[in-house]
Amino acid sequence: METISSAAGALAEPHPALTVSAIGFTHRHGARDRDNDLCAALLAIAGHDLRQPLQVIMGAHDILAKTLNGSAEQIQLARLDGAASKLSDKLDQLIEALRLFEASSENGQEAVQLGPIFRISEAEFAEPARLKGITLRVIPTHAVVSSNPVLLHGILRNLIRNAIDYTPRGGGVLVAARRRGAAVHLEVRDSGVGVPAAELAHVFRPFYRVDTTRVDSFGLGLFIVKRAAAFLGHAVELYSAVGRGSRFVVVAETAPNPNRIGDLK
Ligand SMILES: Nc1ncnc2c1ncn2[C@@H]1O[C@H](COP(=O)(O)OP(=O)(O)OP(=O)(O)O)[C@@H](O)[C@H]1O
Ligand SMILES: [Mg+2]
């Protein structure tokens, strides 16, 4: 069961400079629907059936690299190398998504420390942010929430990756956790291109991209975020202003008993 509230004003935004439009999803714990099952099946097929031929291509490439001498052939081989690397990266993302779905069916909720997840995410994205000339700031936190460490890390990873992807050089990305009563708001904020109001509800759909000319994206990251959050019973909110930036908020409950603390393996 999913509730969608949309349009400016439906979700009070404490930072008026960024508020042009907003959308939020709330889910009952354990909610699932047909597209979740379909996507999990598609991901399983892709992860399994595409990995093998890619390995054959990579193997043939390595052999050719040792034998080809002409510069024209070398240029073609470099193109093949670039394409195969891109395909391999995307496949890794698909497999990562599949692992998240598997994790969600195995693991229940537990008390999860956000601090280690923030630290790992910061280390993971420091280099991609630096290479793109983006300032990544991750505010340390001691918050402990009721969640699942694997899924929550997957959610955060997809949101930070997007924030870096959709923010031009010179921009900034901020990751922070804020206590709000019994809840903790995990925020990923960027100063990037923003999402047009008419696209807000669509960007969480599988394979949906605002800019369809991009060759390096699948349109799966936010779908994964939405489904993982649905499983965990976390609400997801998106506030965005075109040309100014976006703020994604994941709302988790503070853990009632932080004695049993789950961590990333
Ligand atoms: N932080 C953001 N700022 C602006 N637009 C965004 C942001 N995050 C997502 N979007 C828009 O939403 C679309 C869907 O995002 P999503 O993460 O699902 O897919 P993707 O980034 O295109 O591909 P991938 O599967 O590699 O994540 C993006 O193509 C982009 O147009
Ligand atoms: Mg993405």
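Taken together, the values in this text are just the output of simple stated rules run on the coordinates, not laboratory data. Just so you know, these numbers come straight off a predicted model, no measurement behind them. Ideal geometry is used to build each Cβ from the backbone, glycine not excepted, and the neighbour counts take in all protein chains shown.
Here each label is just a point 7 Å from Cα along the line to Cβ, and for residue 74 and residue 201 those points are 5.6 nm apart. Loop-located chymotrypsin sites (Phe, Trp or Tyr not before Pro) across segment 219-258 with a Cβ neighbour count of 12 or fewer within 10 Å are lacking, with loop assigned by DSSP.
Applying Stokes-Einstein at 10 °C and 1.306 mPa s to the Kirkwood radius of segment 109-265, computed over alpha-carbon pairs, gives a translational diffusion coefficient of 101 µm² s⁻¹. Spread over its residues, the convex hull of the C-alpha atoms of segment 62-185 is 136 Å³ per residue.
Here, segment 148-227 is characterised by an Rg to Rh ratio of 0.98, where Rg is the alpha-carbon radius of gyration and Rh the Kirkwood radius. Each residue of segment 194-207 is assigned a 3J(HN,Hα), and the resulting list reads x, 10, x, 3, 5, 9, 3, 6, 7, 5, 8, 6, x, 6 Hz, derived from the Karplus form 6.51 cos²θ - 1.76 cosθ + 1.60 (θ = phi - 60°), x at Gly and Pro.
The simple spin-label model puts a point 7 Å past each Cα toward its Cβ; for residue 50 and residue 216 those points are separated by 1.6 nm. For residue 61 and residue 242, the difference between the fully extended length at 0.36 nm per residue and the C-alpha to C-alpha distance is 60.9 nm.
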